[in-house]
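Below is one structure, written out as structure tokens, with a few remarks after it.
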Amino acid sequence: MKGEPSDSRRTRRSDEPCRDGRSRRGPCHVSAPLFLGLDAGGTACRARLVDASGLVFGEGHAGPGQARLGVEASFDAMLTAAREAWRAAGLGPFDFARLRVGAGVAGIERVGVAGLFAARPHPFASLALAGDGAIACLGAHGGEDGGIVVAGTGSIAFGLLDGRPLRFGGYGFPGSDEGSGARIGLAAVEAAFRGADARLSGSTLADAVLERVGGEATRLTAWCDAASATDYATLAPLVVEAARGGDRTAEAILRTGAQAIGDLVDTLRDAGCERVALAGGLAGPLTPFLPEGLAETLDEPLGDPLDGALILAGLAPVGAAPG
């Protein structure tokens, strides 16, 4: 990939004094404002708490927070991650009314969903909402123009061009989200069914998927009946592991997924995005399978989705004067 990542985040050490001079061993009494970034995805929800200079005070994690789970379940995950970040910061009793929050929620772009989230009461000083692709793009390019393809539980291509948002794909599993963990997991299930019928021999991937669900095709059928996109995505690591072991079926699945990701990169470039980055949990595993020469043209992200969520919250990007 081109360029070097610029990560100027600094996390306060456990023995570092608070900004008012108090020892970190006791609660810090940090002057406002405080900013909280949230990344509510299909696999997990992450939080990062910082001050106006970008100094990281604490981070938190929770279960999935994507919009498809419903407004209350998503907010529960975000609040859980926020509480964990607050506790990690050692700030004493929860005082969320001090927080300016930016949240990227996977699937919030679905028809009518954004309005439901915006109408839900919250305890924060302010809450700005966007899709997970938007915060990934903001973080990757420091709030400036550029594009990003995110390959995680789902997938999406998102860009900013002269401040105008661009979006391609990411309409949800199973009809969209090409190259995502869910689609890769679905392909693994298809291979497992062929293996169970002896129509695919010698595949460690097929064996691994069947073993995961109980060793029989009928059990796999029952698993599929209840499986969500997140469940399918849990099978993607089995594909990656099998491909590393030389399983040709697994390699073909990753190559197909990487081709789809490459198509999204090309679409962003055709739309006018000069800087394009690749992010998400499957970015690394898919990179060796990208179309020849494509990986070398990609730009390193300047920051991660939580950095983008903090920009959404109102934090000045790295290199800009705090507002």
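The values are calculated or read from the model by the stated rules, or taken from the named source; none is laboratory data. Being a predicted model, the structure only gives us computed values, none of them experimental. All Cβ positions, even for glycine, are placed from backbone atoms using ideal geometry, and neighbour counts span all protein chains on display.
Scanning the stretch 249-275 for residues that are charged (D, E, K, R) and touching a residue at least 12 places away in the same chain (Cβ under 8 Å), we see that the one that is surrounded by the most Cβ atoms within 10 Å (Cβ to Cβ) is 275.
Residues of the stretch 313-323 that are surrounded by fewer than 24 Cβ atoms within 10 Å (Cβ to Cβ) and either touching a His at 6+ places or on another chain (Cβ under 8 Å) or modelled with pLDDT of 85 or more (or both): 314, 316.
Look at the stretch 174-192: where a residue is over 16 Å from residue 43 (Cβ atoms) and a partner is basic (Lys, Arg) and in a helix (DSSP H, G or I), sitting 6+ places away or on another chain with Cβ atoms under 9 Å, you get 174/183; 176/183; 192/212. The combined condition, being aliphatic (A, V, I, L, M), in a helix (DSSP H, G or I) and touching a residue at least 24 places away in the same chain (Cβ under 8 Å), is not fulfilled by residue 278. Against the test of being in contact (Cβ under 8 Å) with a residue 12 or more places away in the chain, at negative phi and in contact with a Leu (Cβ under 6 Å, 6 or more places away or on another chain), the options 124, 96 yield a single qualifying residue, 124.
Mind telling me which of the residues 176, 155, 201 ends up being surrounded by fewer than 18 Cβ atoms within 10 Å (Cβ to Cβ), closer than 28 Å to residue 272 by Cα and not basic (Lys, Arg)?
Values: 155 fails: surrounded by fewer than 18 Cβ atoms within 10 Å (Cβ to Cβ); 201 fails: closer than 28 Å to residue 272 by Cα.
The match here is 176.
Number of residues in the stretch 107-119 that are surrounded by 13 or more Cβ atoms within 10 Å (Cβ to Cβ) and in a loop (DSSP other than H, G, I, E, B): the value is 4.
Set side by side, the residues 310, 286 differ, and just one is modelled with pLDDT of 95 or more, in the same structural domain as residue 241 (by TED's automatic domain parsing) and buried (at least 24 other Cβ atoms within 10 Å of the Cβ), which is 286. Restricted to strands (runs of 3 or more DSSP E) entirely inside the stretch 139-251, those with at least 3 residues that are among the aliphatic types (A, V, I, L, M) are 146-151, 155-161. Of all the numbered requirements in (1) at positive phi; (2) touching a strand residue (DSSP E or B) at 6+ places or on another chain (Cβ under 7 Å), residue 215 misses one, and that requirement is (2). Please determine whether any residue of the stretch 226-248 is touching a helix residue (DSSP H, G or I) at 6+ places or on another chain (Cβ under 6 Å), surrounded by 22 or more Cβ atoms within 10 Å (Cβ to Cβ) and of a type in the set (Asp, Glu). Within the stretch 226-248 (the criterion being touching a helix residue (DSSP H, G or I) at 6+ places or on another chain (Cβ under 6 Å), surrounded by 22 or more Cβ atoms within 10 Å (Cβ to Cβ) and of a type in the set (Asp, Glu)), the answer is yes, since at least one residue qualifies.
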